[in-house]
Structure formats: structure tokens, C-alpha cells
Amino acid sequence: MLEVDIASKTYPAVGGPPLLAIEGLRFSVPDGTFACLVGPSGCGKTTCLRILLGLERDFDGRTVLPGGNPRIGVAFQEPRLLPWRTVEENVRLALPKAMRARPLHDLFARLGLDGFENFYPGALSLGLARRAALARAFAVEPGLLLLDEPFVSLDEATAQDLRALLLDVWQARPTTALMVTHNLREAAQLADRIIVLSQRPGQVRGEHLIAVDRTRRTPEAVNAICAEVSARFPGLL
Amino acid sequence: MTRGLPLLWSVVSLLGLLGLWWVLALGADPRVFPAPPAVLEALLREAASGDLARHLGATLARVAAAFVLALTIGSAIGIALGMNHGLDRLFDPWVVLFLNLPALVVIVLAYVWFGLNEVAAIGAVAVNKIPNVVVTLREGARALDRSYAELARVYRFSFASRMRDVVLPQLQPFFAAASRSGIALIWKIVLVVELLGRSNGVGFQIHLHFQLFDVATILAYALAFVAVMLLVETLLLRPYDRYATRWRAPHA
């Protein structure tokens, strides 16, 4: 179980009162399920992920990660590949020592990266670079998957391909996953539950559980889910 | 990139300089400002006697030792200062002090305190160069991209891997700058060190021929060593730069 209980998180501001980013953000994600965090810009979604990643230590509250101290697979908003290492080196560097030699061919093939193993990230399109970032996140066999708008600024067709790939890889080994997104349709396609946040300071407005099985989420079904969520949470786009 | 053409231009440009020298030497006293053939003659004479190779070798060895020493110590200090604000505030005045200490003072003090020996000579050269390396690498370490550090933290990179795969590649341009400017500065200081307290090397020979007022041999040694340093630049530093920045070249 992933448990988040952040009483408050403030950012110091230059020449002004500190900015209260999150106040009383509480939710949990059961093991092996996929949750999406949606909400308006600046409501603390990314801050929440950064706290879970251990990159923000200065906050009031506590978090419990699945299994205590799991390996985390992460996809940041930008691919964040090391430009001076090849795609395969980027993925292998993230692996713990004991897993360094594991074959990665299947994972690369599944994500459509075969043939690109020895490319430097500078030579990749954004779509390919995001695939490489996902490959890295899954290669570590994470106990927790944290995704921060991993498909932002891709054209819709590419984003749709990548969502399908993400689901494919995720379903091969369901991991507790938390994904931040602005895109309600995306959430409706991927998630078991949608956690809706308020305006800043971010707190949970409510949760929407999706009962429809992922394999049966046709475009119409996704529309229906979106309509339902929008009706429950007016003002959320 | 066309590589043949710039080479041709370099050759033409150097031949022009040679021609200018020759023309100017025509009207000068050959003892004070000898023409190219006299310098070539001196060069061949020194080469035939074996002196040239011996002294060039001695100087080159000192340059290499001081270079490695200065770059290793200087970058370790520079990276530490660049990554740690507190350390930087504490030691910045030291850096400024050593940066402004005249090379001659360091050399003389090194010989006085440690004797006229090789360790004092090479150490003095390194101490002269270290502050420059510190300043360059400190700028580099300050400009390190935090997002890669976060990545390394989330995926639990080891300290060695953080250095090798995350920090050092970002500092490569700063290493290149420090080594390029370093090698030029170091060989000039090495000559002073040799002049003041060594009995071999290019600096010693220049001093000797200065006392004999043999300008042709002085120029022969100077040009021979410049040629050696150009070879080091072309055969070692540039290929290394190309290797280290290979990822910048788009190949798709």
C-alpha cells in the first residue's frame, strides 16, 4: 500500500511570504493498482511525486511506500536521459548491481526500442526518448512506479501509442503506480482510480474508482468515464 | 566538416610567418636576429649531438608530471568547492591568494624550502597551475544540472557511478578548457624552473646559450619545443576531445 499523508509543504519565496503548495493531502493506493492524480496547474501534483521520490525532504507529514523502501521506477516530465550515455547504457546504469547483466532485449522490443540501443539520446525523437525513460523505469523491476506527465508535449497519436505500450508493460508485471496528469482522458484510459486534487494548496477533492476493465475501455467507455468524473467534480477539465 | 582545407590554411599561414621572419632577418645583425637557415643549422647540430632529445625529453617529462598533478589536485578541489557552498566561502580567499601569487615567488620559495631538486621544481609548477584549474572546474561544478543529480538519487547510483556517469561528463568542457590553457602555461613555467635551478631541460639550455649570446640555438630550442607541444595538442588533446564529445555528434 502506498500511503500519502502530507500535512503541509511550503516553498520559500524570495521577498514574500512562503508559498503553501500542499495542505492536508491524504490518499492511498492499494498494492498492484494504478492511480492517477489529476488537478489544476500548480496544485502540488509534482510536489507530491517529488516528496515520494525523496527529492523534497522539508515537509510536514509522512509517507509510506509499498514494501517499506522499494526500488522506484520514475518517468519525469522530461525524459532525463544522460546525453553522454547510449540508450542501453542509460537503462543499465539505473539497474542495481545484481541485475546489471540481465537481458533487456524483450523490454526494448516491447517498447519498440530495438535497434536504438546504441543511439545517444540526442539522436532520438522525443517519443523515442520517452520510451527509453519508460524502459529504464520498468527495467529496475520497481516496487513503485511514479510517472509525472510522461506523455506531455507529444502529438496525440504518439501519446496514444505510448499509453498502449505503458499499459502493455505494466500489465506484464502490475506494480503500484501513481501517475500525474493534466489529461482526464488519459487517466480514464489507464487508471484503476482517479484522485482529484483541489486548487492550491492541494488536497484531495475526491476519488473516482473505475470499475470498467481496462481491456473494455473503448473510446465510448472512456468518454463515459470522463463525463462521470466531470459531473462529480465541476470545474475539472 | 572539411579537415583538409583548414590544414592547408594553417600551412600557408605558417609559411607566411616564416617568410616574414626571413625578410626581417635580411637587414638585421645575424647574431642578434638570425635567419631561418642559421636556426635550422643550430637545430641539426643539437639534434646530431643528442642534446636536443635529452633536454626536450627532460622538459617534456616535467611538463607531463606537473600537468597530471595540477589537473588532478586542481579538479578535485574545484569540484569540491563548486558543489559545496560552505567550503567555497571558507576557501575562496585562499584561491584568490594563490591565483595572484607570482610564479617566480612560488618557484624561489620552493627551491629555498625544499632544495634544488626535482620534487621542488615540479611541485612549484603544479602549485602555479592548480588555482587556475580550481577556478575553471569550480565554475563547471556550479553549473552542474540538478535534474541529473536527482535522477542518480532516485535510481541509487553508487558514488563512483555518480562521478563517472553523471558529474564528470558534464565537466568535460571545463576539463578541456583547463587542460588546453594548462599545458601552455605549464610549459612556460617549467622553463623558468629549469632556468633557476635545474641542470637540464630546454630552460637550462636557453639560459646557457643566453650567456653565450647564441640566439640561433635559443630559437632552435624554443621552436623545437613549440613543435613538440603542437604534436601533443594534435595527437593527444584533440583526439581525446573528439572522443569525449562523440555523443554530441548527431548520427541518425
**Asked** Any idea which of A:53, A:124 is in contact with a helix residue (DSSP H, G or I) (Cβ under 6 Å, 6 or more places away or on another chain) and within 9 Å of another protein chain (Cβ to nearest Cβ)?
**Response** A:53
**Message:** Name the single residue that is surrounded by the most Cβ atoms within 10 Å (Cβ to Cβ) among those in region A:91-107 being among the charged types (D, E, K, R) and either within 14 Å of chain B (Cβ to nearest Cβ) or in contact (Cβ under 8 Å) with a residue 60 or more places away in the chain (or both).
**Reply:** A:92
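State all residues of region A:80-90 that are at the interface with another protein chain (Cβ under 10 Å from one of its Cβ atoms) and either assigned to a loop (DSSP other than H, G, I, E, B) or buried (at least 20 other Cβ atoms within 10 Å of the Cβ) (or both); if no residue qualifies, say none.
Of everything in region A:80-90, those that are at the interface with another protein chain (Cβ under 10 Å from one of its Cβ atoms) and either assigned to a loop (DSSP other than H, G, I, E, B) or buried (at least 20 other Cβ atoms within 10 Å of the Cβ) (or both) turn out to be A:80, A:81, A:82, A:83, A:84, A:85, A:86, A:90.
Here's a check for you: in region B:229-252, which residue that is in contact with a Phe, Trp or Tyr (Cβ under 9 Å, 6 or more places away or on another chain), in a helix (DSSP H, G or I) and surrounded by 13 or more Cβ atoms within 10 Å (Cβ to Cβ) is nearest to the other protein chains (Cβ to nearest Cβ)?
Once the filter is applied, the top-ranked residue is B:247.
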**Message:** Quick test for you: out of B:227, B:143, pick the one residue that is modelled with pLDDT under 95 and under 30 Å from residue A:92 (Cα atoms).
**Reply:** B:143
**Prompt:** residue A:173 passes all but one of (1) in contact with a Phe, Trp or Tyr (Cβ under 9 Å, 6 or more places away or on another chain); (2) in contact (Cβ under 8 Å) with a residue 40 or more places away in the chain; which number fails?
**Reply:** (2)
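Name the residues in region B:52-107 that are in a loop (DSSP other than H, G, I, E, B) and more than 13 Å from residue B:189 (Cβ to Cβ), would you? Outline the logic, then answer.
Applying the first criterion (in a loop (DSSP other than H, G, I, E, B)) to region B:52-107 yields B:84, B:100-102.
B:84, B:100 - these are the residues of region B:52-107 that are in a loop (DSSP other than H, G, I, E, B) and more than 13 Å from residue B:189 (Cβ to Cβ).
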**Message:** Return the residues of region A:196-226 that are crowded, with 19+ Cβ neighbours inside 10 Å, aliphatic (A, V, I, L, M) and in contact (Cβ under 8 Å) with a residue 40 or more places away in the chain; say none if nothing qualifies.
**Reply:** A:196, A:197
**Item:** Tally of residues being more than 10 Å from chain A (Cβ to nearest Cβ) and surrounded by fewer than 16 Cβ atoms within 10 Å (Cβ to Cβ) across region B:163-177
**Value:** 2
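Checking the conditions here, which among A:110, A:62, A:131 is over 18 Å from residue B:147 (Cα atoms), surrounded by 19 or more Cβ atoms within 10 Å (Cβ to Cβ), touching a residue at least 24 places away in the same chain (Cβ under 8 Å) and more than 8 Å from every other protein chain (Cβ to nearest Cβ)? Talk me through it step by step, then tell me what you get.
Numbers: A:110 fails: surrounded by 19 or more Cβ atoms within 10 Å (Cβ to Cβ); A:62 fails: surrounded by 19 or more Cβ atoms within 10 Å (Cβ to Cβ).
Criteria check complete, one pass: A:131.
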**Request:** Please go through region A:66-79 and pick out each residue that is away from every other protein chain (no Cβ under 11 Å) and either out of contact with any Leu (no Cβ under 6 Å at 6 or more places or on another chain) or surrounded by 18 or more Cβ atoms within 10 Å (Cβ to Cβ) (or both).
**Result:** A:66, A:67, A:68
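Quick one: which residue in B:156, B:146 is more than 20 Å from the chain's Cα centre (by Cα), on the phi > 0 side of the Ramachandran plot and surrounded by fewer than 23 Cβ atoms within 10 Å (Cβ to Cβ)?
When all the criteria are applied, what remains is B:156.
May I ask you to list the residues in region A:91-140 that are part of a helix (DSSP H, G or I), aliphatic (A, V, I, L, M) and out of contact with any Pro (no Cβ under 8 Å at 6 or more places or on another chain)? Walk me through how you get there before you give the answer.
Step one: list which residues in region A:91-140 are part of a helix (DSSP H, G or I), which gives A:91-93, A:97-99, A:105-110, A:121-123, A:126-139.
Among the residues that remain, those that are also aliphatic (A, V, I, L, M) are: A:91, A:93, A:98-99, A:107, A:109, A:123, A:126, A:128-129, A:132-135, A:137, A:139.
Listed by number, the residues that qualify are A:91, A:93, A:98, A:99, A:107, A:109, A:128, A:135, A:137, A:139.
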**Prompt:** Of the numbered conditions (1) in a helix (DSSP H, G or I); (2) over 30 Å from residue A:128 (Cα atoms); (3) not hydrophobic (A, V, I, L, M, F, W, C), residue A:158 satisfies every one except a single condition; which is it?
**Reply:** (2)
**Message:** Condition first: under 29 Å from the mean Cα position of the chain (by Cα) and either more than 16 Å from residue B:218 (Cβ to Cβ) or part of a helix (DSSP H, G or I) (or both). Now tell me which residues in region B:23-36 satisfy that.
**Reply:** B:36
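Are any residues in region B:201-246 under 26 Å from residue A:121 (Cβ atoms) and free of Cβ contacts under 8 Å to residues at least 12 places away in the same chain, and if so, which ones?
Going residue by residue through region B:201-246, those that are under 26 Å from residue A:121 (Cβ atoms) are B:238-246.
If the condition is that a residue be under 26 Å from residue A:121 (Cβ atoms) and free of Cβ contacts under 8 Å to residues at least 12 places away in the same chain, then B:238, B:239, B:240, B:242, B:243, B:246 are the ones that fit.
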**Request:** Would you point out the residue of region B:178-205, among those that are surrounded by 17 or more Cβ atoms within 10 Å (Cβ to Cβ) and among the small types (Gly, Ala, Ser), that is nearest to the chain's Cα centre (by Cα)?
**Result:** B:182
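The values are calculated or read from the model by the stated rules, or taken from the named source; none is laboratory data. Small disclaimer: the values here were computed from a predicted structure and weren't measured. All Cβ positions, even for glycine, are placed from backbone atoms using ideal geometry, and neighbour counts span all protein chains on display.
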